[in-house]
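> Would you mind keeping the following structure in view while I ask a few things?
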Amino acid sequence: MKITIIGTGYVGLPTGVGFAELGNSVWCVDQDPNKIETLNNGTVTIYEEGLEELFSKNLKSGNIKFTTSMKEGLADTDLIMIAVGTPPHPETQEADMKYIYAAAAEIAEHLSDRYVVIATKSTVPVGTGDEVESIIKSKNPMANFDIVSLPEFLREGFAVFDFFNPDRIVVGSNNEKASNLINKLYLPFDGKTKMHFVSRRSSETIKYASNAFLAMKVHYINEMANFCEKSGANIFEVAEGMGLDSRIGNKFLNPGPGYGGSCFPKDTLAMAHMGRKFDVDLNLIESTIKGNSDRQKQMAKRILNTIKDVKDPTVAVLGLSFKSGTDDCRESPAISIVQELLFLAPSLKIKAFDPKGIPMAKTLLGNKVEYATDSYDALKGADLMAILTEWPEFKSLNLDEAKSCMRKNCIIDLRGMICTDKARDYGFTYYGIGK
Ligand code: UGA
């Protein structure tokens, strides 16, 4: 099948590479000439486990091609996937649809009476399919097309794995011809995953309802962590016990500094906005948004509290990306916490390390913090080790070496990475969460 993907970000690029690997002929279109040049020169523009290898293989074989030209990318295509960003609108916080609508208008110019299916892969508010349809119809009445909603459920850091091992494929289609084409696209997954065919509006809602539910689950376990701290229980034991109930499930029950990233924060805000638009109370989602933002502020206060008696303290921040396995620092709780620390204590010295996130962190924090070359470099002369992201390498830190690097031996571990008893055995004062 000939597929055109509009947008080469965290959704578009892994999706394009995945469909190319399955033997389709894929054109990726992006209006950023630098990105397209880099990709055409054989360099991947994002970090994703396993992506580089598949990207190089399919670029060499010609299964995937990159262009800035919509005309070139759309020639003879069977299926167009819109995978451009829907960031929060700076004033209203609803999903900003300007990139989607601009893409739709540009696509319209190149359509003809040759049938094509247009799928929205980006996370888009309910009713977007109808809006995209009317934009294209009004710009090009001759165009022969159907719109489907094909939401993406890839996790950053696991995008390649998730592409080839989806829990489900949700297809929102109001038309059999379009549904058949999508069915054909996913034939390689036949018997391995469930195809869930629903209306376009249901499909658009499934994506938001899923992300908001997961965000709420994270917020819930964080509230329980606070409760355990006061009640004498241990959140890790509690989460494990809850997760043994198959109705609850053991995933997304890890307490931490709150959820972040380019999806949960923006999608919960957009869902809350849709609730107001349709005049429906979405109290759970509203309270999740507030609770998550408060949590990051509370975590910054906790960090400062551990060093309140230290003169001219230095904090070693371990982890800047919004979770492990990615270089992405957008809406990262670690970044918010560092910003809050510097707001509350402007003279605080921070030395930060992240295995992948430093280049993006630099664009967000600039020179307000010092960037270290590894964990031990960050710990040199520090009074506090603050673990903010759950990178596996922080779990296996050599505590002897850490201790000899540091000025004071204190750990605040917001991700439950280091065993409390082990830290204390090594002579550290240890502050965790949820126990
Ligand atoms: C999320 C969804 O999981 C994907 O299914 C979806 O496709 C994607 O958004 C999207 O809409 O594009 P992602 O943003 O990559 O994926 O991140 P998650 O792995 O879901 O984690 C989100 C945040 O929750 C992170 O900050 C993470 O540290 C936090 N989290 C997650 C916890 O604090 N505890 C947990 O138990 C799980």
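> Residue check: is ASP312 within 15 Å of the ligand (Cβ to nearest atom), acidic (Asp, Glu) and more than 25 Å from PRO355 (Cα to Cα)?
no
> Say whether the condition of being under 24 Å from LYS184 (Cα atoms) and assigned to a helix (DSSP H, G or I) is met by at least one residue in region 91-99.
no
> Further question: For ARG247, work out the one condition from (1) more than 12 Å from the ligand (Cβ to nearest atom); (2) within 28 Å of GLU152 (Cα to Cα); (3) part of a helix (DSSP H, G or I) it doesn't fulfil.
ARG247 satisfies every listed condition except (3).
> Taking region 37-53 as the search range and keeping residues that are under 22 Å from the mean Cα position of the chain (by Cα) and not acidic (Asp, Glu), which one is surrounded by the fewest Cβ atoms within 10 Å (Cβ to Cβ)?
THR43
> Moving to a separate point now. Would you please name the residue that is nearest to the chain's Cα centre (by Cα), looking only at residues in region 210-243 that are open to solvent by 50 Å² or more (accessible area, probe 1.4 Å) and closer than 30 Å to ASN183 by Cα?
LEU214
> Condition test on SER173, is it under 29 Å from the mean Cα position of the chain (by Cα), buried (at least 18 other Cβ atoms within 10 Å of the Cβ) and more than 16 Å from the ligand (Cβ to nearest atom)?
yes
> Looking at region 398-414, I want the residues that are touching a residue at least 40 places away in the same chain (Cβ under 8 Å) and have a partner that is surrounded by fewer than 17 Cβ atoms within 10 Å (Cβ to Cβ) with Cβ atoms under 6 Å, at least 6 apart or on another chain. Which pairs are those?
Close Cβ pairs satisfying both conditions: ARG407/GLY381; CYS410/THR429.
> Among the residues of region 258-274, are any away from the ligand (no atom under 12 Å from the Cβ) and more than 23 Å from the chain's Cα centre (by Cα)?
no
> Continuing with this model, one more query. How many of the residues making up region 394-409 are open to solvent by 20 Å² or more (accessible area, probe 1.4 Å) and within 16 Å of the ligand (Cβ to nearest atom)?
1
> Right, next: Restricting to region 298-332, name every residue that is of a type in the set (Lys, Arg) and within 26 Å of TYR208 (Cα to Cα).
LYS323, ARG330
> Follow-up question, since we're still on this one. For residues that are open to solvent by 60 Å² or more (accessible area, probe 1.4 Å), in contact (Cβ under 8 Å) with a residue 12 or more places away in the chain and either closer than 16 Å to LEU342 by Cβ or within 24 Å of the chain's Cα centre (by Cα) (or both), tally how many sit in region 364-373.
3
> Let me ask something additional. Return the residue satisfying two criteria in turn: it lies in region 244-276 and is more than 30 Å from ASP327 (Cβ to Cβ) and without any contact (Cβ under 8 Å) to a residue 40 or more places away in the chain, and of such residues it is most open to solvent (accessible area, probe 1.4 Å).
Only one residue fits best here, namely ARG247.
> In addition: Select from region 113-164 the residues that are within 16 Å of the ligand (Cβ to nearest atom), without any contact (Cβ under 8 Å) to a residue 12 or more places away in the chain and either basic (Lys, Arg) or open to solvent by 60 Å² or more (accessible area, probe 1.4 Å) (or both) and list them in ascending order.
Of everything in region 113-164, just one residue is within 16 Å of the ligand (Cβ to nearest atom), without any contact (Cβ under 8 Å) to a residue 12 or more places away in the chain and either basic (Lys, Arg) or open to solvent by 60 Å² or more (accessible area, probe 1.4 Å) (or both), namely ARG155.
The values are calculated or read from the model by the stated rules, or taken from the named source; none is laboratory data. Note that the structure is predicted; figures quoted are calculated from it, not measured. Cβ: placed from backbone, ideal geometry, glycine included. Neighbour counts: every protein chain shown. Areas reflect the complete protein model, heavy atoms only, side chains present, ligands, DNA and RNA absent. Shrake-Rupley method; radii C 1.70, N 1.55, O 1.52, S 1.80 Å.
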